[in-house]
Amino acid sequence: MTGEERRSQIIDVAERLFSKQGYEQTTLDDLAAEIGFTKPAIYYYFDSKDTILFEIHDRIVRKALEGLERIEANHDSATDRLMAALLAHGEAVLANVDANRVFERDRHALSAPRRSAIQERDRQYTRILRNWHTQAVDEGRLRAADSTIAIGSALGAINWAYRLPAAATLDARDAAAQLLDAAAHGLGVQPS
């Protein structure tokens, strides 16, 4: 196994343990035992537990931003970019429940400089989606709404979707598509 593969293995196991036990309750000894090597071996790849937590957060935000770049390159209209981005976001959350639970629940445990770096990249991601929302409204394909509220609501619903028992019964893409449909069409109340 290469060094990068071993680092990835440690992060994957940390995601699962942090998700199940909580970041504060999980020790590096727990992590080493789960992988089958010693705590000093963990320190060979990571200088601290905080670094592992940062890597979990960084991997999520990095993949999300890279996804937006691909979406922008492959979709002409802002509406199509926004819908593709929200679908991809939902699929990523539901396909990686452990990592996203850690992302939502344990961000506060990051050291201040690392938390600040993740928050800035998270804001960058949200700004892109808000810009696409504003452009989609200008295209006439979405109802006029404040982009901060519209995108905040959509991301909030998606980010918490892993807690819904029904989402666990579907594959990630199907569940994400249903979340996107609910976000795009709301409750579907018909005029009386």
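Things to note:
- Tally of residues being farther than 28 Å from residue 185 by Cβ and of a type in the set (D, E, K, R) across segment 70-117: 6
- Candidate set from segment 15-42 (those that are within 16 Å of residue 104 (Cβ to Cβ) and small (Gly, Ala, Ser)); member that is farthest from the chain's Cα centre (by Cα): 22
- Scan of segment 122-169 for residues that are surrounded by 17 or more Cβ atoms within 10 Å (Cβ to Cβ) and under 24 Å from residue 22 (Cα atoms), ordered by number: 122, 155, 158, 161, 162, 167
- Listed by first and then second residue, the pairs linking a residue in segment 173-192 that is within 16 Å of residue 163 (Cα to Cα) and of a type in the set (Ser, Thr, Tyr) to a residue that is surrounded by 13 or more Cβ atoms within 10 Å (Cβ to Cβ) and modelled with pLDDT of 80 or more, with Cβ atoms under 9 Å apart and 6 or more places separating them unless they lie on different chains, form an empty list.
- Only a single criterion out of (1) more than 30 Å from residue 166 (Cβ to Cβ); (2) at pLDDT below 95 is not satisfied by residue 94, namely (1).
- Residues in segment 143-170 that are free of Cβ contacts under 8 Å to residues at least 24 places away in the same chain, closer than 19 Å to residue 130 by Cα, hydrophobic (A, V, I, L, M, F, W, C) and assigned to a helix (DSSP H, G or I): 149, 150.
Okay, residues lined up against (1) surrounded by fewer than 13 Cβ atoms within 10 Å (Cβ to Cβ); (2) closer than 22 Å to residue 94 by Cβ; (3) touching a residue at least 40 places away in the same chain (Cβ under 8 Å):
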| position | (1), (2), (3) |
| --- | --- |
| 10 | no, no, yes |
| 15 | no, yes, yes |
| 30 | no, no, no |
| 42 | no, no, no |
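- Residue count, segment 51-76 (criterion: of a type in the set (A, V, I, L, M, F, W, C) and farther than 20 Å from residue 101 by Cβ): 4
- Residues of segment 94-121 classified as part of a helix (DSSP H, G or I), polar (S, T, N, Q) and surrounded by 15 or more Cβ atoms within 10 Å (Cβ to Cβ), total: 1
The values are calculated or read from the model by the stated rules, or taken from the named source; none is laboratory data. Nothing here was measured: the structure is a model prediction, and the numbers come from that model. For neighbour counting, all protein chains shown are included, and Cβ atoms are generated from backbone atoms with ideal geometry for every residue, glycine included.
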